[in-house]
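The next block holds one structure in the form of structure tokens; read it before the comments.
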Amino acid sequence: MSDRLFVATEKGLFDLRREPGGPDWKIARVSFLGDDVSMVLPDRRDGTLYAGLALGHFGVKLRRSTDDGATWQDCGLPEYPPQTETELGEAVFKPGQTAAKLEYIWSLEAADPARPGSLWCGTLPGGLFRSDDAGTTWSLVRTLWDDPLRKKWFGGGMDRPGIHSICVDPRDCRHVTLGVSCGGVWVTRDAGETWQCKAQGMWAAYMPPEAKDDPNIQDPHRVVQCAGYPDAFWAQHHNGTFRSTDGSESWHDVGTPERPSSFGFAVAVHPHKADTAWFVPAVKDECRVPSEGRFVVTRTRDGGKSFEMLDKGLPAAAAYDVVFRHGLDIDETGDRLAMGSTTGGLWVSDDQGDHWQCVSEHLPQILCVRFG
Amino acid sequence: MPRVSFTPNLERHVHCPTGEAAGQTVRAVLDAAFQANPAARGYVLDEHGELRKHVVVFVNGTPVRDRRQLSDRVAPSDEVYVYQALSGG
């Protein structure tokens, strides 16, 4: 099991380690204390660490470390191109929106397992970027950016649309699946030369009846892919939990059997068992607290036909923790999970969620957890 | 020549010494300053060359009016201050 965990928070990046066989996780290092760290990528290909920052005054930054976090350097940044008045007029942003600018790094993933330094970066306001030099330079994926359907995306949770999930198919890294809030699920099978919106089967309770089935207006809060069975995906959507078993060609709503709510942000899928996935439910829509103050994780082992509620080791009562979309991770064994909350709670489970160990109740708001 | 200084809070991210920079507009003065210190540019200006939302520039005691083109005039004896706005938290 992975004994290293990176926790990106509103006030810094925490590097936690656990002695092999030991019981406790310890904070080994804090980087960027005081800064909003929106995303972290511990790159297993070459050991490079990447961190996306959202500095309140001085803009978005991307930093990398090639000495395991001891020192960090500024990378290049994804940059949005100048836009014509016509393009601005077509964008479905809120009134007063000017040209698109980099607002937030919401996802970072290794692009090609055989080529260290190749990266995908998903951003607000909706641009996907590619780097092939470890983030030194970035290119906007124009095929997606220029797609007429992309221009219809709108903000979900954030003011602007954004790409929060990037699933690179382990069989073929040219096959990439994106989760977009709000823009549904987008798929390329040719490394970004062509794209298709693939959210058929999702439905949206927040849209008029005529538009609720439109794939391009869906709000999948998080999309994850099973590493061992890459045709299997799970999506925690704004108004439901959806599953695909055919490479996101179609999705179906698993409903809310035996669960407090189908609303939430996070989802994790077992790396080898496509039917097993974890969720952290909350009260919809803008309320966003655990139902009746009871903070639980739900797990299905049968593809969503049934769910178990897991709460051993979690706060007993009156807990108002919410787990954001990148706040739940699973290691490559499928046994160890980590979960970080909006109120700074951090828990780890070594038995697939049956029992949780509280690592801290006092971290800053947690935006992303990732095993190293 | 106009004098340019930066909020000390930038020092945590990038070294920004106070110095002189030639130019008759805020744009020209900042371009000159960033030519000497290119790492600082992206902390003050966005990818379109506009002032970042929560950065404010003063010429002497007056905040610049044109945050996009940075066309406000600067005299040789002026002081240009690059500060962080309280709106950024």
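For the reader, a short list of remarks on this structure follows.
- Anisotropy class of region A:253-372 from Cα gyration tensor, a/c 1.5 cut: oblate
- Residue (of A:MET1, A:GLY47, A:GLY127) at the positive-pole extreme of region A:1-142, dipole from beta-carbon charges: A:MET1
- Listed residues A:TYR50, A:TYR80, A:TYR104, most fluctuating in chain A (Gaussian network, C-alpha, under 10 Å): A:TYR80
- For chain B, the relative contact order works out to 37 percent when only alpha carbon pairs closer than 8 Å and six or more residues apart are counted.
- Between A:ARG171 and B:ARG12, the C-beta separation translates, for a Förster distance of 56 Å, into a calculated FRET efficiency of about 0.80.
- Dipole magnitude for region A:258-368: about 260 debye, using +1 per Lys or Arg Cβ and -1 per Asp or Glu Cβ, origin at the Cα centre.
- Placing unit charges on the Cβ atoms only, positive for Lys and Arg and negative for Asp and Glu, gives the protein assembly as shown a dipole magnitude near 540 debye about its Cα centre.
- Formal net charge of residues neighbouring A:TRP203 (Cβ-Cβ distance under 13 Å; K, R +1; D, E -1): -4
- Approximating the spin labels as points 7 Å out from Cα along Cα→Cβ, the A:ARG288-to-A:ALA28 distance works out to 3.2 nm.
- Each label point was placed 7 Å from the Cα along the Cα-to-Cβ direction; for A:ALA205 and A:GLN73 their separation is 4.9 nm.
- In chain A, the calculated helix contribution to ellipticity at 222 nm averages -500 deg cm²/dmol per residue, counting -39,500 (n - 2.57) for every DSSP H run with n ≥ 4.
- Under 20 Å from the Cα of A:LYS61 - lysines, other chains or at least 8 residues apart: A:LYS11, A:LYS101, B:LYS53
- Inter-centroid distance (Cα atoms) of region B:19-59 relative to region A:203-224, Å: 42 Å
- Each Lys and Arg contributes +1 and each Asp and Glu -1, all at the Cβ; summed about the Cα centre of region B:35-89, the dipole is approximately 120 debye.
- Pair-distance profile P(r), taking every C-alpha pair of the protein assembly as shown, with 20 angstrom steps and integer %: 25, 55, 19, 1
- Relative contact order for chain A, counting Cα pairs under 8 Å that sit 6 or more residues apart, in percent: 12 percent
- ³J(HN,Hα) computed for each position of region A:104-118 - Karplus, 6.51 cos²θ - 1.76 cosθ + 1.60, integer Hz, glycine/proline x: 5, 9, 10, 7, 9, 9, 5, 8, 10, x, 8, 10, x, x, 7
- Part-to-part distance (alpha-carbon centres) for region A:259-297 and region A:40-87, which is given in Å: 29 Å
- Modelled FRET efficiency - R0 60 Å, B:GLN35 with A:GLU361, Cβ distances, 0.05 increments: 0.75
- Which of A:VAL359, A:GLY345, A:GLY334, positive extreme of dipole for region A:307-365 (C-beta unit charges): A:GLY345
- Anisotropy class assigned to region A:126-271 is oblate, per the alpha carbon gyration tensor with a/c at or over the 1.5 cut-off and a/b no larger than b/c.
- Point-to-point label distance, A:ASP46-B:GLN69, nm (Cα→Cβ direction, 7 Å offset): 4.4 nm
- DSSP finds beta bridges in the protein assembly as shown, and of those with both partners inside it, around 95 percent are antiparallel.
- Across the options A:GLY183, A:TRP153, B:VAL57, the greatest Cα extent toward the positive end of the charge dipole of the protein assembly as shown (unit charges at beta carbon of Lys, Arg, Asp, Glu) belongs to B:VAL57.
- Region B:3-88 shape via C-alpha gyration tensor axes, a/c threshold 1.5: rounded
Every read-out reported here was derived from the displayed coordinates using simple, explicitly stated rules and does not represent laboratory data. Quick caveat, the model's predicted, so the values are computed rather than measured. Quick reminder, even Gly has a Cβ in these numbers, built from the backbone with ideal geometry, and neighbours come from all protein chains shown.
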